[in-house]
Amino acid sequence: MARLSKPVIHCDALVVHCMDYRLQKFLQPWITVRFGYDNFDIISLAGSVHDYEMVLKYVQLAVQIHAIQTVCLINHEDCRAYGREGTYQRHKHDLTDARNKIKALFPDLAVETFYLHLDGTFELIL
Ligand SMILES: [Zn+2]
């Protein structure tokens, strides 16, 4: 019996950010401006890249089912999922580490990393 394949669907990006309610008012408009309305997958995890293995599962899935080209990772100031370990340096380290690991597995993906300050400033982490 022939099985009809579903049409290919696509969006440009997967965005990963923290669940923290204090950030949503900054995140939603910024992401929409950056990637365009109706053009991104999004996941909200406590600590964002804190659980890298979980992030990786979603990256693999988004590549597979939506052929994404960009992954945008956003950690933030005063993240309670990190607790006392959540220093600026630690966030910077974890973001860079996640970016490098994803780039090693998916060389064609662009990976952007940002540190979101509580005042709504998105700082690009290079
Ligand atoms: Zn957080």
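Please treat every number below as a calculation from the coordinates, not as lab data. Quantities reported herein were computed from a predicted structural model and do not represent experimental measurements. Every residue, glycine as well, gets a Cβ built from its backbone with ideal geometry; the counts of neighbours run over all protein chains shown.
Listed values, structure above:
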{"read-out": "Debye, to nearest 20: dipole size of region 13-124, +1 on Lys, Arg Cβ, -1 on Asp, Glu Cβ", "value": "80 debye"}
{"read-out": "Angle between the chain longest axis and helix 88-105 axis [Cα atoms, degrees, rounded to 10]", "value": "20 degrees"}
{"read-out": "Long-range amide H partners of residue 76 with built H, under 5 Å", "value": "116"}
{"read-out": "Degrees separating the helix 24-35 axis from the principal Cα axis of the chain, which is the longest one", "value": "50 degrees"}
{"read-out": "Kirkwood-based shape ratio for region 42-108, expressed as Rg/Rh from alpha carbons", "value": "0.98"}
{"read-out": "Relative counts (whole %) of C-alpha pair distances in region 1-91, using bins that are 5 Å wide", "value": "3, 13, 22, 20, 18, 11, 6, 3, 2, 1, 1, 0"}
{"read-out": "For region 117-126, Karplus couplings with θ = phi - 60° (6.51, -1.76, 1.60), whole Hz, Gly/Pro x", "value": "7, 5, 8, x, 7, 9, 9, 6, 9, 9"}
{"read-out": "Normalised contact order of the chain, rounded percent, pairs of Cα under 8 Å and 6 or more residues apart", "value": "27 percent"}
{"read-out": "Dipole of region 44-126, positive end: most advanced residue of 120, 67, 88 [Cβ charges, Cα centre]", "value": "67"}
